[in-house]
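All of the numbers you see were taken from the coordinates with simple rules; none came from a lab. If you're wondering where the values come from, they're calculated on a predicted model, not measured in any experiment. Here Cβ is always computed from backbone atoms with ideal geometry, including for glycine, and neighbour counts include all displayed protein chains.
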Amino acid sequence: MQAIALLPEALGSFVSSLLFVVAALFPIVNPLGMAPIFLSYAAGADAGTRDHLARRIAYNSFALATVSLIAGSYILHFFGLSLPAVQIGGGLVVAATGWRILHRGADDPQHKAPAPSPEALLASAFYPLTMPLTVGPGSIAVMLAIGSNAPAASAANDYLVPHAIGGLAGVAIVALSVYLSYRYAEPILRRLGDSGVNVFLRLSAFILLCLGVQILLNGYHAIAQAG
């Protein structure tokens, strides 16, 4: 009877943790906004290869976000890294990638080069397509903040297991949205036409560039405050 009486509170802890992680992580990951970037990397690949690549990126995103949520702060401490250092380094990579895609023109040699082999394309599933383009320093910073606050939150209501499961379920939902957005990016964006896709790609690249600069500034701001 006591276990049944505690069920609503445990369910509430699960749902609140799930919604909090989804609300915090989804806008930063922005799967729909990153879909044109994914297509630019997978240009020329067949549907099966794109599906395999999207699935691998989703798996990698779930694993990276989960590790950041559970053990990210311990890993940074082990290597002697600070979160601002990760933000600055990752922000530089994200900004450089956005800049390169933004200035990739129709006469760019990459557009005239043959499509990469499926093996070469799948080799880029983790870097750069998962880290830093999908789950980058901003997402890792959010997961680190949530993970570091989880013990205090769970101690307040004594529902550590539902809280943890809810957080993992939230990460899984975001990873599923990554897979669906990347897997069906071509039919979705095809409705925009070639010019629409080009505009959407440039806009996404510009947002990616601004996001990298913002992450970089956040790192410098954290260092300045610490000093």
TODO: Place +1 on the Cβ of every Lys and Arg and -1 on the Cβ of every Asp and Glu in the chain, take the dipole about the Cα centre, and give the residue among L121, A43, L81 whose Cα lies farthest towards its positive end.
DONE: A43
- [ ] May I ask you to evaluate 6.51 cos²θ - 1.76 cosθ + 1.60, the Karplus curve with θ = phi - 60°, for each residue of region 92-100 and list the ³J(HN,Hα) values in order in whole Hz, giving x for glycine and proline?
- [x] 4, 5, 5, 5, 5, 5, x, 5, 5
- [ ] Please give, to one decimal in nm, the separation of the simple spin-label points placed at A85 and Y184, each 7 Å out from Cα toward the Cβ.
- [x] 4.3
Task: Spacing of the two label points (7 Å from each Cα toward its C-beta) at R191 and F26, in nm - done: 1.9
Task: Cβ charges +1 (Lys, Arg) and -1 (Asp, Glu), total dipole of region 42-226, debye - done: 220
- [ ] Would you work out which of I146, S61, F14 lies farthest towards the positive end of the dipole of the chain? Charges go on Cβ: Lys and Arg +1, Asp and Glu -1.
- [x] S61
TODO: With springs connecting C-alpha atoms under 10 Å apart, model the chain as a Gaussian network and identify which of F14, F26, F79 has the largest mean-square fluctuation.
DONE: F79
Open item on the list: Please check: in the Gaussian network model of the chain (C-alpha springs, under 10 Å), which one of A205, A23, A65 has the largest mean-square fluctuation.
Closed with: A23
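So, R0 is 30 Å and r is the distance between the beta-carbons of E9 and L176; what FRET efficiency does that work out to, to 0.05? List each step's numbers first, then the result.
Working: r = 27 Å, r/R0 = 0.91.
Efficiency at R0 = 30 Å is approximately 0.65.
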